[in-house]
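Here's the structure, in structure tokens; my notes come after.
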Amino acid sequence: MSRIYLYNENAEKSVIATFIHGDAEDFESFSPEDFFFDDLREIFNAARLLHTDGRHIDAVSVSNLVSTKA
């Protein structure tokens, strides 16, 4: 049986906000494929990269990383 996804932009934004505001423990629970909206997937990938590199995750760092990849 395949998974049914319900796409909710606000829910995806809430997950991203949780990571940016300091709760990076749950990164392993999510993957880029969990984000339906391309821009939110890109933000997630940037935050995850910062986390993987051991760098601080905040809105400015994520924004800078996203803008350098654009």
**Prompt:** Pick from the stretch 52-70 the residues that are small (Gly, Ala, Ser) and over 18 Å from residue 30 (Cα atoms): which of them is most open to solvent (accessible area, probe 1.4 Å)?
**Reply:** 70
**Fill in**
Over the stretch 16-51, the set of residues modelled with pLDDT of 90 or more, among the aliphatic types (A, V, I, L, M) and out of contact with any Phe, Trp or Tyr (no Cβ under 7 Å at 6 or more places or on another chain) is 17, 40, 43, 46, 49, 50
**Asked** So, of the residues in the stretch 36-51 that are more than 8 Å from the chain's Cα centre (by Cα) and open to solvent by less than 70 Å² (accessible area, probe 1.4 Å), which turns out to be nearest to residue 13 (Cα to Cα)?
**Response** 37
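The values are calculated or read from the model by the stated rules, or taken from the named source; none is laboratory data. Bear in mind the structure is a predicted one, so any value in this text is a computation, not a measurement. Glycine also receives a Cβ, built like all others from the backbone with ideal geometry; neighbour counts cover every protein chain displayed. SASA here: full protein model, heavy atoms, side chains in, ligands and nucleic acids out. Shrake-Rupley method; radii C 1.70, N 1.55, O 1.52, S 1.80 Å.
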